[in-house]
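The values are calculated or read from the model by the stated rules, or taken from the named source; none is laboratory data. Computed from a predicted structure; not experimentally measured. All Cβ positions, glycine included, derive from the backbone under ideal geometry; neighbour counts span all protein chains shown.
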Amino acid sequence: MVDVQKSERLYTADDLLALSAEGHRYELINGELIAMSPAGEVHGGVTAEILRNVSNHVRANKLGRVYAAETGFRLFDNDDTVLAPDVSFVAKGRSQKWDRAYARIAPDLAVEVISPGNSSAEILQKVALYFAAGTRQVWIVYPQARMVYVYHSPTQITVLQNVDVLDGGNVLPGFNVAISEWFSILDED
């Protein structure tokens, strides 16, 4: 077992996969391991609602594949960056043969649900990496504020509030959901 705390070397996607097999959760950015703690209850509940909405739409319309949290995407050919969005989508025709390792393609849509420990710098770095790799849209979901930032590019952002409707555009054709639907679970007892 690798002691990540004391190691000063850079890691590859294969190293990361071996660590995951040992029960550790990390992402890999430019060869550096980024520790991921288990999600909190709010994060998990909101993520489940988003996954349900996106998955139901994609399956009903045969648009491609939807992936749950912890699915790693090897974003570049250099093997040193693997991100695991909370929800992701790869359009039909871009999907590759199922692999036991990480997907070797950028998702068309990456969804990140913000936890209290996420920093703005960390999120902006991920947004930039997704778009550099070919992702077409990124949703950053803020459960506490009940807002969604829809990134159409690293600099073109639409901010949606709890009263707004999110439209999947050309990434998820026909997809529409009231943002309040995702956050309504926070009002349940």
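Details
- Of all residues in region 18-33, those satisfying the criterion of being free of Cβ contacts under 8 Å to residues at least 60 places away in the same chain and either within 16 Å of ILE114 (Cβ to Cβ) or not in a helix (DSSP H, G or I) (or both) are GLU22, GLY23, HIS24, ARG25, TYR26, GLU27, LEU28, ASN30, GLY31, GLU32, LEU33.
- Being modelled with pLDDT of 95 or more and either surrounded by fewer than 20 Cβ atoms within 10 Å (Cβ to Cβ) or not aromatic (Phe, Trp, Tyr) (or both) holds for only one residue in TYR130, TYR149, and it is TYR149.
- In this entry, ASP77 is excluded by the filter for residues that are surrounded by 18 or more Cβ atoms within 10 Å (Cβ to Cβ), of a type outside the set (A, V, I, L, M) and over 23 Å from GLY44 (Cβ atoms).
- Cβ pairs under 8 Å, 6+ apart, first in region 42-59 and under 16 Å from PRO85 (Cα atoms), second of a type in the set (S, T, N, Q): HIS43/SER115
- Applying the set (1) modelled with pLDDT of 95 or more; (2) surrounded by fewer than 20 Cβ atoms within 10 Å (Cβ to Cβ) to VAL111 leaves exactly one unmet item: (2).
- Subset of region 82-100 [of a type outside the set (Lys, Arg) and surrounded by fewer than 21 Cβ atoms within 10 Å (Cβ to Cβ)]: ALA91, GLY93, SER95, GLN96, TRP98, ASP99
- Unmet criterion (only one of (1) at pLDDT 90 or above; (2) under 29 Å from GLU181 (Cα atoms); (3) of a type in the set (A, V, I, L, M)) for ALA69: (1)
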